[in-house]
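Rule-based calculations on the coordinates, nothing more; no lab input. As the structure is a prediction and not an experimental result, all values here were calculated from the model. Note that each Cβ is placed from the backbone with ideal geometry, even for glycine, and that neighbours are counted across all protein chains shown.
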Amino acid sequence: MRQTYGKTLPGMKLTDLSGKLIVVEGTDGAGRTTQINLLKAWLEERGHAVLDTGMTRSPLAGEGIRRAKEGNNLGRVTQSLFYATDFVDRLENEIVPALRAGFVVLTDRYIYSLMARAIVRGMDPAWIRSIYSMALVPDAVIYLRIGVDQLIPRVIFSRGFDYWESGMDVFPGQDMYENFRSYQTALLAEFERLSVEFRFETVDGSADVKTVFAELQKKILRIVESDSRQQYVFGRSEETATLQRKTQETWAAQLRELRSNDLRILPRTTPVSSGGNGHGMEEADRSA
Amino acid sequence: MNTGSNLRIGPFEIFYPVEEAAERVRANGGSSFPGKLFVVEGIDGSGKSTQLSLLHKWIESKGYGVVFSTWNSSSLVKDTTKLGKKKKMLTAATFSLIHATDFADRIERSILPLLKAGAVVLCDRYIYTAFARDVARGMSSKWVRELYGFAVKPTVAFYFRVPLETAIGRLVAARDGFKFYEAGLDLGLSDDPTESFRLFQGRILQEYERMIPEFGLTVIDATLPVEVQQAQVRQIAKTHLDRAKELRVRP
């Protein structure tokens with residue numbers, strides 16, 4: 001059974017969420033979106049159903065947040081809670097249903113970015129943790145780590161300095177460059193702390209796209225392979241490859257036998273070994 | 001949390017027993033603001049809005065700078081809430097969070113600066129409404145209390161206590177039909193809006209009763225004549241205003 005960080009939302013069943021929840025975290029410009037696009041195409045090519053989601057994409061609050069950010073009069077507490085609304089709308093209506101349907105969910109940022117931003121804005125860390133205690137514990141958090149100095153060229157060559165990414169609401173003065181440095185440095189420091197607490201798998205985000213992608217592929221394969229069903233279909237490790245070969249041989253033998261009996265019946269595609277999500281835990285404590 | 005000045009606000013001692021937060025409040029809580037915050041609470045049909053509007057007139061006539069703030073009125077957030085309600089997109093959790101977002105905006109941009117400036121702020125519904133409704137919808141009462149940890153403790157929180165049937169009688173006479181979330185139809189308690197409203201408000205009433213001792217709500221018997229209730233409200237408000245003569249606006 002899947003776990004949350006503490007609280008379970010009313011009506012949210014944690015059993016049978018057999019999909020995989022993979023989080024890609026990192027500061028602005030770390031390359032998350034590029035990598036997620038590559039990963040999605042790659043996973044789909046391998047036959048996985050993929051849902052990708054990210055901040056402010058909820059039908060409920062996405063538009064409201066965008067509009068509120070245009071005005072630059074969005075307060076810090078309000079901002080934190082608006083993002084929490086957006087997150088929970090996606091959690092309940094996108095992420096959980098997709099996991100139940102066996103999807104690989106790739107999420108561009110998760111509660112960690114939201115917590116880091118809130119903490120950098122002076123929110124009480126205990127307060128923000130309490131709010132996000134209803135989040136699902138993901139199967140992996142991949143953190144694309146990149147230093148501020150490596151970040152700056154990327155910002156210059158992409159969209160330039162943004163009001164919120166420069167923390168103009170946090171730091172005094174009008175100097176966007178200086179504020180960008182201070183804000184991103186503070187965020188990185190917070191990410192470092194979170195990476196220990198929430199066991200991030202850190203990847204060097206300053207490397208080129210291909211190298212990062214290869215690294216992510218390796219990590220993600222390990223996760224999607226941990227499910228027996230997918231192990232069978234997409235087996236990669238020595239063990240599963242052997243298993244796969246043996247099964248294929250068995251099938252081939254059966255097929256030959258069937259053919260020799262002149263029965264034109266093909267074997268069903270996947271003789272899946274049941275075993276749920278492999279965690280062996282049944283629904284137990286759901287105190288909410 | 002830091003609110004941008006040297007003043008810190010945080011969860012109050014009345015919310016949940018976190019030592020650190022309690023200390024903060026004793027140092028910087030609501031009472032350290034020059035302004036006064038009066039809030040009214042109660043189920044729909046308890047007559048609280050009528051009472052608050054009468055109190056408003058009276059405080060104004062005394063020459064105080066007085067500002068009204070209603071539940072769900074943030075210009076930044078209310079369109080999102082409306083969208084969610086209209087399209088029935090809200091779950092217990094998002095219902096709770098979007099209302100907290102609305103409240104946060106009003107606290108940050110209106111209530112807090114007004115209290116610092118010495119105004120009398122009147123709120124029609126406050127955090128207790130959220131606690132009652134969200135818990136009635138199945139949210140954890142601890143989680144919701146922590147969520148609103150940034151709230152300012154009111155000077156007085158009036159609770160207009162009324163039996164369910166009296167309130168429903170008043171509402172049925174005054175309106176035609178109940179709205180989806182207002183009647184708690186999202187909970188699936190009953191398909192009939194009036195019956196659902198009755199069951200949902202019953203739960204809310206229970207939550208209010210629980211909060212009277214928890215938060216020290218000032219109970220007003222809302223079955224009494226309007227004038228009698230108002231006299232009690234003014235009496236209580238007066239004791240707090242007398243101690244804050246300096247916030248009077250001299251014409």
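Could you work out, residue by residue across B:81-91, how many beta carbons of other chains sit within 10 Å of that residue's beta carbon, and then give the average as an integer?
Values: counts 4, 1, 5, 6, 0, 0, 2, 0, 6, 3, 10.
Mean shielding by partner chains, rounded to a whole number: 3.
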Could you check the spin-label model distance between A:ASP162 and B:LEU224? Points 7 Å from the Cα along Cα→Cβ, value in nm. 5.6 nm
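Which net charge results when you count Lys and Arg as +1 and Asp and Glu as -1 among the other residues whose beta-carbon is under 12 Å from that of A:GLU165? Each step should come with its number before you reach the end.
Values: positive: A:LYS69, A:ARG117, A:ARG154, A:ARG159, A:ARG181; negative: A:ASP28, A:ASP162, A:ASP169.
Local net charge: +2.
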How many angstrom lie between the Cα centre of the stretch B:185-211 and the Cα centre of the stretch A:92-171? 37 Å
Enumerate the amide H contacts of A:ASP52 below 5 Å, restricted to partners 5 or more residues apart or on another chain; note that Pro and chain-start residues carry no placed amide H. A:LEU106
Rg over Rh of the stretch B:140-209, using C-alpha atoms and the Kirkwood radius, what does it come to? 1.04
Quote the Stokes-Einstein diffusion coefficient, in whole µm² s⁻¹, for the stretch A:20-226, based on the Kirkwood radius over alpha carbon pairs, a temperature of 20 °C and a viscosity of 1.002 mPa s. 122 µm²/s
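Under a Cβ-Cβ cut-off of 9 Å, what is the net charge of the residues other than B:PHE200 that fall near it, where Lys and Arg count +1 and Asp and Glu count -1?
Numbers: positive: B:ARG133, B:ARG137, B:ARG198, B:ARG203; negative: B:GLU182.
After counting each charged neighbour, the total is +3.
Pull out the extension gain between B:ASP192 and B:ASP242, defined as 0.36 nm times the separation in residues minus the alpha carbon to alpha carbon distance; nm, one decimal. Walk me through the numbers before you get to the answer.
On the way: separation 50, 0.36 × 50 = 18.00 nm, distance 4.90 nm.
Extra length from B:ASP192 to B:ASP242 when fully extended: 13.1 nm.
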Which entries in A:LYS69/B:LYS85; B:LYS48/B:LYS78; A:LYS7/B:LYS48; B:LYS57/B:LYS87; A:LYS7/B:LYS238; A:LYS20/A:LYS210 show an alpha-carbon gap greater than 32 Å? A:LYS7/B:LYS48; B:LYS57/B:LYS87; A:LYS7/B:LYS238
Taking amide hydrogens as modeled 1.01 Å from N in the peptide plane, which residues meet the under 5 Å criterion relative to B:TYR64, leaving out close sequence neighbours? B:VAL249
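If you keep only loop residues by DSSP, which trypsin sites (Lys or Arg not before Pro) in the stretch A:93-181 have at most 13 other Cβ atoms within 10 Å of their Cβ? Don't skip to the answer; put the middle values down first.
Working: sites: A:ARG100, A:ARG109, A:ARG117, A:ARG121, A:ARG129, A:ARG145, A:ARG154, A:ARG159, A:ARG181; in loops: A:ARG109, A:ARG121, A:ARG159.
Of the trypsin sites (Lys or Arg not before Pro), the ones in loops of the stretch A:93-181 whose Cβ has at most 13 other Cβ atoms within 10 Å are A:ARG159.
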Semi-axes of the stretch B:36-243 from the Cα gyration tensor (sqrt of 5 times each eigenvalue, largest first, whole Å) come to 27, 21, 15
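Once you list every other residue whose beta carbon is under 11 Å from the beta carbon of A:VAL203, what net charge do they have if Lys and Arg are +1 and Asp and Glu are -1? Please report the intermediate quantities before stating the final value.
Values: positive: A:ARG32, A:ARG145, A:LYS218, A:LYS219; negative: A:GLU25, A:GLU201, A:ASP204, A:GLU215.
Once all neighbours under 11 Å are counted, the net charge is 0.
What does the structure give for A:91-99 when I average, per residue, the other chain Cβ atoms found within 10 Å of the residue Cβ?
Working: counts 3, 4, 3, 0, 0, 0, 0, 0, 0.
What the average comes to for A:91-99 is 1.
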Treating only the Cβ of Lys, Arg, Asp and Glu as charged (+1, +1, -1, -1), what charge dipole size does the stretch A:20-226 show about its Cα centre? Round to the nearest 20 debye. 240 debye
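Compute the relative contact order of the stretch B:36-243 as a whole-number percentage, counting only Cα pairs closer than 8 Å that sit 6 or more residues apart in sequence.
Details: 276 pairs, mean separation 64.0, N = 208.
Relative CO of the stretch B:36-243 lands at 31 percent.
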Pick out, in residue order, every one of the chymotrypsin sites (Phe, Trp or Tyr not before Pro) in the stretch B:80-160 that is DSSP loop and has at most 11 other C-beta atoms within 10 Å; say none if there are none. none
